[in-house]
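One structure is given below, encoded as structure tokens.
Read the figures in this text as sums done on the coordinates, not as results from a lab. Only a predicted model underlies this, so the values are computations on that prediction, with no experimental measurement involved. Here the Cβ is made from the backbone with ideal geometry for all residues, glycine too, and neighbour counts use every protein chain on show.
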Amino acid sequence: MKIVIDNKIPFIKGHLENIADNVIYLPGAEITASDVKDADVLIVRTRTICNKELLEGSKVRLIITATIGYDHIDTFYCDTFGIKWTNCPGCNAKSVSTYVHNALTALGKLNKGMTIGVIGVGHVGKLVVEDCLKEGLNVLMCDPPRAERGESEAGMGFTTLDDICENADIITFHTPLCKCGKYATYHLADKEFFDKLKKKTVFINASRGSVVDGDELKLAIKEGKISNTVIDVWENEPNVDTELIELVDIATPHIAGYSANGKLNATKTAIMAVKHFIACDNSIDESKRIQIAMRSFEIDLPVAPKLTPETLIDDSMKFKKSPKSFEEQRGNYPTRVE
């Protein structure tokens, strides 16, 4: 069995070599069709676009992305050709909610009585809601799929995007990127959205870059519709809009989920997915499958500095100073814990 792994996935080296015949580590953005042609498993991040161009004619049977998002995987193609795929939902949710907390603290906006609108109340959004309620903020939540199912969160129901635009002092996005369908989120924050804002809002996006129309966001900032802006995710990464970077208060290179805790959770989930895949693979000798199923993989969280409002400001200053080094800063983000 051959496994190809993005070489920026932390803590993973040495943990799969004993259960696979060949383990190859490559830069995620540089993984090619020839690299995966004879691979059985890919373990990637968002920089590896897993589509027909990469996968056609390959032996790949399983793709694991060590991320929450999976819009870099052509799931229709994979499903059509019997390639299993999985993400790591919730692995870095606490890391992203910590990012939001630190951003609001750094801006002096985590104040009792303010109203925050949380758009997307999944793994991350739930934690943001819990944190803000503890801090005494009023919370509005928008999550149309959950609302349609009649669900609630923290004993409260869901409201509309229009209600949030009208009443929120702070708006934070935590949705997946969906480009079509009933619950499309592509450019959810568009001209119409910004025109509906009734207050000078604190605007945060730590979900996916294309959830926000960058040009309209720049215009809203220039027109004074937004008081403060925090952006961690960008359209067209890594080729980010330098004008937008200059306009926002806190700008970071897609690292909100990059706590050591989040990375460790993702790596553990990826390893367990490989373990389960092999244990269920009837083409492998049964005794070996049983042996692998019983094997444990222990990885300890490293001792490291904590994420704080101060480290966030440092990250932003570094990124603003050198936006063209987006990939380098993201790939070499310092080890920090929640």
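A few comments on the model shown:
- Each Lys or Arg adds one and each Asp or Glu subtracts one; over the other residues with Cβ under 11 Å from the Cβ of T46, this totals +2.
- If you take the Cα centroid of segment 197-232 and the Cα centroid of segment 90-145, the two points sit 16 Å apart.
- 9 Å beta-carbon shell around D241, net charge (K/R +1, D/E -1): -2
- Debye equation applied to the C-alpha atoms of segment 182-338, log10 I(q)/I(0) at 0.09, 0.10 Å⁻¹: -0.44, -0.52
- Debye equation applied to the C-alpha atoms of segment 37-82, log10 I(q)/I(0) at 0.20, 0.23, 0.24, 0.26 Å⁻¹: -0.58, -0.77, -0.85, -1.00
- Unpaired cysteine residues in the chain (no second Cys Cβ under 4.7 Å): C50, C78, C132, C142, C165, C178, C180, C280.
- DSSP beta bridges confined to the chain are antiparallel in about 5 percent of cases.
- Of C142, C178, C91, the one that fluctuates the most in a GNM where the chain has Cα springs shorter than 10 Å: C178
- Largest-first principal axis extents, alpha carbons of segment 125-191, Å: 36, 28, 19
- Taking other C-beta atoms within 10 Å as the exposure proxy, I255, I68 rank I255, I68 from fewest upward.
- Cα pair distances of segment 234-323 binned at 5 Å [whole percent]: 2, 11, 16, 13, 11, 10, 10, 8, 8, 6, 4, 1
- Neighbour-count order for W234, W85, fewest beta carbons within 10 angstrom listed first: W85, W234
- Among R208, R149, R45, the largest mean-square fluctuation in a Gaussian network model of the chain (Cα springs under 10 Å) belongs to R149.
- Every Cα-Cα pair of the chain was included, and the share exceeding 34 Å stands at 27 percent.
- Percent of Cα pairs in segment 1-145 per distance bin of 5 Å, from zero to the largest separation: 2, 9, 16, 17, 13, 10, 9, 9, 7, 5, 2, 0.
- In the chain, helical runs assigned H by DSSP with n ≥ 4 each contribute -39500 (n - 2.57); averaged across all residues and rounded to the nearest 500, the mean residue ellipticity at 222 nm is -10000 deg cm²/dmol.
- Just checking the listed ones, E130, E235, E286: in the Gaussian network model of the chain with Cα springs under 10 Å, the one fluctuating most is E286.
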